[in-house]
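Below: one structure, written as structure tokens.
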Amino acid sequence: MALINPSILSADFARLAEEAKAVEGADWLHVDVMDNHFVPNLTLGVPVVESLRKATDTPLDLHLMIEDPDRWAPQYVEAGAGSVTFHVEAAGAPVRLAREIRAQGARASMALKPATPIEPYEDLLPELDMLLIMTVEPGFGGQSFLDIMLPKIRRTRELISKHGLELWLQVDGGVSAATIERCAEAGADVFVAGSAVYGADDPAKAVRDLRESARA
Ligand code: DX5
Ligand code: ZN
């Protein structure tokens, strides 16, 4: 399996509906919510997600880079998210939060910043539909892929297999034609790409090309 989720962080925010349509054919649309506290950048909130939901048929993959996701995540499910990722570094009660997201009918996902190890969270994996391993420090698009995350991707894939789980393993940050094969080889199966898609002349073709490379 190889899912390609373009990140609208690299799109033109004044033309979000068109930019969402430009990548129809992608598996999910990745939507980065930043609050200027958890990360030093500010993007969008619930009203924009509600509008995006109406602008595209592609399901929405919300990545919450915010403080207190326990409070806010349910509102993003109500706004139309099909998947909600919270950061474990910010969550007060990650198990309760994952269960709440699932009970609302969305996929529950947890993200790890580059310096956060997976091992302390092994027992939480059955509560999740996806785990996101950040391959840059969260906050901005267009950063260089951190190769040093590859062993963590590999170890996480081993834990998922060991427990016989179905959860998806997503990578986000610096994913491009130059790095996606290494991510796939290490065990990732969901690939977020911002600048590699929206920086391309033909974003829809960039999605198809990335999918090909991930399956190679
Ligand atoms: C960064 C965001 C990413 C970002 C990736 O904190 O979480 O989703 O859009 O952008 P690229 O693919 O350009 O690194
Ligand atoms: Zn993201």
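Every number here is computed from the coordinates shown, using simple stated rules; none is lab data. No experiment lies behind these values; they were computed from the predicted model shown. Reconstructed Cβ throughout: ideal geometry from the backbone, glycine too, with neighbour counts over all protein chains shown.
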Q | For segment 81-189, the fraction of alpha-carbon pairs in successive 5 Å shells from zero, as % | A | 2, 12, 24, 24, 20, 12, 4, 0
Q. Given labels modelled 7 Å from the Cα in the Cβ direction, how far is it in nm from E137 to A17?
A. 3.8
**Q.** Rg/Rg_globular for the chain, with Rg_globular taken as 2.2 N^0.38 Å and Rg from C-alpha atoms
**A.** 0.92
Q | 15 Å cut-off, amide nitrogen to a point 7 angstrom out along A204 Cα→Cβ, residues in segment 9-34 | A | 18-27
Q) Could you give the length gained on full extension between A93 and D68, defined as 0.36 nm per residue of separation minus the Cα-Cα distance, in nm? A) 8.0 nm
Q) Which peptide among 59-70, 178-189 comes first, and what is the full order, when sorted by highest mean count of other Cβ atoms within 10 Å? A) 59-70, 178-189
(Q) Two decimals, Cα atoms only, Kirkwood Rh: what is Rg/Rh over segment 64-125? (A) 0.95
Q: Please give the contour-minus-distance gain from A55 to R154: 0.36 nm per residue of separation, less the Cα-Cα distance, rounded to one decimal in nm.
A: 32.0 nm
Q) Assigning unit charges at the beta carbon (Lys, Arg +1; Asp, Glu -1) and nothing else, what dipole magnitude in debye, to the nearest 20, does the chain show about its Cα centre? A) 260
(Q) Within 14 Å, Cβ to Cβ, of K21, how many net charges do the neighbouring residues add up to if Lys/Arg are +1 and Asp/Glu are -1? (A) -3
Q) In nm, what is the difference between 0.36 nm times the number of residues separating D123 and E181 and their Cα-Cα distance? A) 18.0 nm
Q. Taking the simple approach of a point 7 Å from Cα along Cα-to-Cβ for both E24 and N36, what is their distance in nm?
A. 3.5
Q: Find, to one decimal place in angstroms, the Kirkwood hydrodynamic radius of segment 15-136, where the mean of 1/r is taken over every pair of different Cα atoms and then inverted.
A: 14.6
Q) Where a Cα-Cα gap under 17 Å defines reach, which lysines qualify for K113, not counting those fewer than 8 residues away within the same chain? A) K152
Q | Positive-end residue of L60, V33, L128, charge dipole of segment 1-155 with Cβ unit charges | A | L128
Q. Which whole-number percent is the relative contact order of the chain (Cα, under 8 Å, 6+ apart)?
A. 21
